[in-house]
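Below is one structure; the comments refer to it alone.
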Amino acid sequence: MNTVNLPYDPYNVIITGVGGQGNVMASRVLGNMLSRRGLQVTIGETFGASQRGGSVMSHLRISSGSTWSPQIPRGRCHLIISLEPTETMRVLSNYGNPNVKVLCNTREVHAIGVIAGDQKYPPLDDIKSWVAELSESCWFLAATDKAMELGNPILGNIMMIGAAAGIGVLPLARDDFEAVISEAMSADKLKINLTAYDFGSEMIGAAN
Amino acid sequence: MTKLLEGAPGSRHLLMGNEAIARGALEAGVSVVAGYPGTPSSEIIESLASVSSQQNLYVEWSVNEKVAMEVAAAGSFAGLRAMAVMKQNGVNVGSDFLLHLALTGTRGGMVLVHCDDPGALSSANEGESRHFARMLEIPLLEPGDFQEAKDMVKWAFELSEKIHNVIMVRSVTRLSHASGNVTFGELPAEDKKAFFRHDGFLLDPLEGPMSSLPAPYRHGQQQEKLAKVIAEFEVSGFNAYHGPQAPELLLITSSACYLYCKEALNLLGLEQRVGLLKLGTTWPLPPELMQTYLSKTDRILIVEEVIPFLEENVKIIAAELGSKIGSKFFFGKREGVIPSTNEMNPDLVIAALAKIMQIPYEAVPPAYDRRSQELAVSGAPGRDMTFCAGCPHRASFWTLHNVLQMDGREGFACGDIGCYSLAVLPTGFSTLKTLHAMGSGVGLASGFGKLGQFGMDQPVLATVGDSTFFHAVLPALINAVHHQSDITVVVLDNSGTAMTGFQPHPGTSQDAAGNEVPPIDIAAVCEAMGATVRISDPFDIDNTRQTLLALFEIKGLKVLILQQPCALSPQKKGKKMFEVSVDENICLGQNCGCNQLCTRIFKCPGLKWNSEQNVSGIDEVICVGCGVCASICPAGAIRRKEVA
C-alpha cells in the first residue's frame, strides 16, 4: 500500500495537554497528514471531561499494516508531544520507556489545586532535568509564547506539529499539512497556520 | 475533517468512529435520523445534520431519547430507512417505547445506535445498554473497528428489512471517539416516498395498523424474527476466527476489546497458541458457529466491557451444547481474571493472558518504572475537575451556596446530569447534595418539599440545565406544582446543550440542520403552570442573591432562571467582555481578611496565585474576561475594564 519506512511499526505517539489547548485538533491534523501518506492511523482520545481543565491525551498508532488498539499499552510510547510540562511527567510515568522522545511546550497551565495553593507546581528546570532523565532525547519549546506573538495562543498546538516534523522521525511533510488545514479550515486561516507550522520546525533547528 | 459526502467509492479516509457510523447510514440510504445529545454519541447526528440539506435527509435533535425513537419509528412505519441515536442512558429513557416497537415490528429498515461509556469517561454511570437486546428480544450487533462501524450499520438496515424489526448497534467511547481509516462504499441515489399503510387487516404487520395487540400473538411473531436473524448470524462475516486449528485457549471477544485482545496476543507472542474469536453479532448468539469454535479447546477466556453479558450468553450456549462439546473451563469476569467494572485496555488483557498462560511480562524495565512513578508524584500535580474559566455555573453556584449558608437552615440543592453535575465537587462549592438521572433533581425536590408535615424545614433547591428542562424536568415540575411542593427550581440557562458540544434544544431558535424554528420560552411555560418565576444574570452576583433570598419568602413552587451563555458557546468564543487585572498594590494575599477568597475558594482557572509575591494574578491565556472575580474580591483589588 505504501513504501514509508517507520522506525517502529506501529509507531506510537501521544499528544498530551490540558483541555482547551487544541489537543484533539492537533491529533486530527497529525493523523490526517500521515493517513495521506498511505499509512494506517488509529487515534484514541477521550473528550467530554477534556474541556473542564482536565488532563487530555490522544494516542496515535501509525502503521503500514493494520488498525491498532486506540489505547497504547503501558510503556510503549515512542514520541510524546506535550502541550504542558507537568502533563509530560504524567504520560512518562504510564507510557514512557528509555527510548521515548519528547517534544514539550513550556507554557504552564496551573491545576485548580495549584491555584488554590494546595499543590505546588514544580520549577520548569526540574521538569526539564526529569524529562531528560526519562527520555532518549527531548526538546523544550516556548510554543504558546511564540503563538501569542502571532496573536493567538491556540496556535501553539500547530507549532508543536511543525516541531514534530522538524525532528524527522515520521514522514510529516509541509505539503500534507497545507492540504489537511485547507480541508479543515476556511482559506483565511491557512497562512497563519503555515506560519505557526514553520516556526515550530525552525524552533527545532534552533534547539538542536 | 473528511466531508462525509465527498470521496469516491473505494477511497480511504481517516474517520472518527461516529463519522463512520454516519457514513454507514448514508450508504444505507437512511432518510430519517433522530437523537438526543449524549457523549460519546453526539457526533453521529451532528455529522448527518451537516449533510442533511444535500441528501434530502431529515435529522433532528429530539426533546429526549424516547421521542427520538418515536420520530425515527414514524419514518420506518412510512417505509423509509430510519435511525435513532443515543448514549447508554438514552436506551433506558426510550425503553418503554422500544418494548412496544419490538412487538409491532418495523417496515423501512430501523436501526438503534447506542454508544456506551465503559469507565464512565464522560458519564455519571457506566450502565450497559446491551441487556436491552436480550430483555426486549431484539438483535444486537457490535462493531470491532472503524471499518466495521460503517459496514455494520449499513448491514443493520438490510437485516432490519429482512426480519421487519429494529436492530441495535452498540458502540463504545473507544470506538465512537477514536479514529481510524475507513474505505467508502457507494451512496445510493434513488428518491424515496413516505406513505404509511394502515388500512390492511389488523394482524397484517406490513399493511395493517402498527399495534402491539394482541400481545402474545405479536410476541410469537417477534420470536420467529429472532430465529430468522440467527440464520443470518451463523454465516455473517462480522464473526471471525484467527489462530491455530487446536488452540490451548479460546479467547472470545467483541467491540473495542477485539483490538485490545489482538494487541495483547501480539505482545505476548501468543498468536500461534491462543485462538481469537471476534463476534460482531452478539445477541442472539448463533449456536452452530459457537459449537464450531467452542469445540476447539476446553479453556475459554471471555473479554468484554463492562458486565458479563457475552460471558453469560456463551455459557448458556455451552450448557445447551454440553453433550456435543463436553465441559469447559471459563475464565472471565465471574471467575475473576477480568474486572467487572471500568473499561478494558490492552494491559488488562495482557495481565489476564499472562496469568492464564503463565508467561512473564514486563511493560518497562523495573528501575525506569520506579523512577518515573516517583518523579510523577511531584512532577505531575493532579488536575481536579473544574468548571471552565468564565463558566456561568461557577457564578450561579457561588450565589446558591452563599444564600443557603446565609439562610442557616442547612438547605441543599438536588442536581442532575450536565456540566453542573460538577457542583457536587468544590468547583461548585459542593452545593449539590443529590445527583441522579436527568430531571431527577426536580423529582427529588418535589418529594423533599412535601416533608414539612414530618418536621423538615430545610430549604430545598433543584438545579436543571435548559436542555434538561425540556428533556425530563417538565413532568417533575408539574408534579411539584400540582402537589404544592415548597421548593425553588433554578434553571441554569446557558443557551444550548453545552456539555455535549452546544447542540440546539427546544428553547433555541435553530434546529440540528440550522433552520429557524420557534423557541419555547422556559419562563412562559413555568408561569403557565402557576409557578412564581424570576430571571437574573448569574454574573450579577448582587441581584441574583437578592432575587433568590426574596424567593425563599414565597410559599409554593418558585423558578429562578439564570441566563448567561456558556463560556464556550460560539457567540462568546474568543470574545472578552472585560480585561481583568489584579492591582498588586491593593491585593494583600494571605494578609487580607478574605484569606485568598478568589484563588482558594472561587478557584477560577483564569486566576493565578503568585506564592512568591503573595498576590493573586490573572492567566491571560486562560481568562475569558467574564469579570465575575472582580465582584467577589472584598478589597476591590481585581479590576475589570469593559472591552470596547
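The values are calculated or read from the model by the stated rules, or taken from the named source; none is laboratory data. The model shown is predicted, which means the values in this text are computed figures rather than measured ones. A quick note on method: Cβ atoms are made from the backbone with ideal geometry, for glycine too, and the neighbour counts reach across all protein chains shown.
Quick notes on this one:
- All positions within the stretch B:370-428 that are in contact with a strand residue (DSSP E or B) (Cβ under 6 Å, 6 or more places away or on another chain) and without any contact (Cβ under 8 Å) to a residue 60 or more places away in the chain: B:383, B:412, B:414, B:415, B:423, B:424
- Whether a residue is surrounded by 23 or more Cβ atoms within 10 Å (Cβ to Cβ), farther than 24 Å from residue B:402 by Cβ and polar (S, T, N, Q) was assessed, and residue B:446 passes this test.
- Filtering the stretch A:14-31 to residues that are in a strand (DSSP E or B), aliphatic (A, V, I, L, M), out of contact with any Cys (no Cβ under 6 Å at 6 or more places or on another chain) and modelled with pLDDT of 95 or more leaves only A:15.
- Residue check, residue B:306 assigned to a loop (DSSP other than H, G, I, E, B), outside the structural domain of residue B:116 (by TED's automatic domain parsing) and not small (Gly, Ala, Ser): yes
- Counted as qualifying within the stretch A:52-158 are the strands (runs of 3 or more DSSP E) with 1 or more residues that are under 16 Å from residue A:17 (Cβ atoms) and within 10 Å of another protein chain (Cβ to nearest Cβ), namely A:55-63.
- Residue in the stretch B:62-73 that is in contact with a Ser or Thr (Cβ under 7 Å, 6 or more places away or on another chain), buried (at least 24 other Cβ atoms within 10 Å of the Cβ), outside the structural domain of residue B:307 (by TED's automatic domain parsing) and closer than 17 Å to residue B:513 by Cα present: yes
- Test: residue in the stretch B:320-340 that is within 14 Å of chain A (Cβ to nearest Cβ) and either farther than 21 Å from residue B:273 by Cβ or of a type outside the set (Gly, Ala, Ser) (or both): no
- Taking the stretch B:162-213 as the range and being of a type in the set (Val, Ile, Thr), buried (at least 18 other Cβ atoms within 10 Å of the Cβ) and more than 21 Å from residue B:84 (Cβ to Cβ) as the test, only B:182 passes.
- Only residues that are within 14 Å of chain A (Cβ to nearest Cβ) and either touching a Cys at 6+ places or on another chain (Cβ under 7 Å) or not polar (S, T, N, Q) (or both) were counted across the stretch B:181-196, and they come to 2.
- None of B:462, B:472, B:445, B:480 is over 18 Å from residue B:90 (Cβ atoms), in contact with a Gly (Cβ under 6 Å, 6 or more places away or on another chain) and in contact (Cβ under 8 Å) with a residue 24 or more places away in the chain except B:462.
- Test: residue in the stretch B:478-494 that is within 24 Å of residue B:399 (Cα to Cα) and within 14 Å of chain A (Cβ to nearest Cβ): yes
- If you go through the stretch B:596-629 and keep only what is away from chain A (no Cβ under 12 Å) and crowded, with 19+ Cβ neighbours inside 10 Å, you end up with B:615, B:625, B:626, B:627, B:628.
- Take the conditions (1) touching a Ser or Thr at 6+ places or on another chain (Cβ under 7 Å); (2) closer than 19 Å to residue B:497 by Cα; residue B:43 misses just one of them, which is (1).
- Filtered residues of the stretch B:112-161 (kept if of a type in the set (D, E, K, R) and surrounded by fewer than 24 Cβ atoms within 10 Å (Cβ to Cβ)): B:126, B:128, B:134, B:137, B:151, B:154, B:158, B:161
- The stretch B:370-427, residues that are of a type in the set (Lys, Arg) and in a loop (DSSP other than H, G, I, E, B): B:383, B:409
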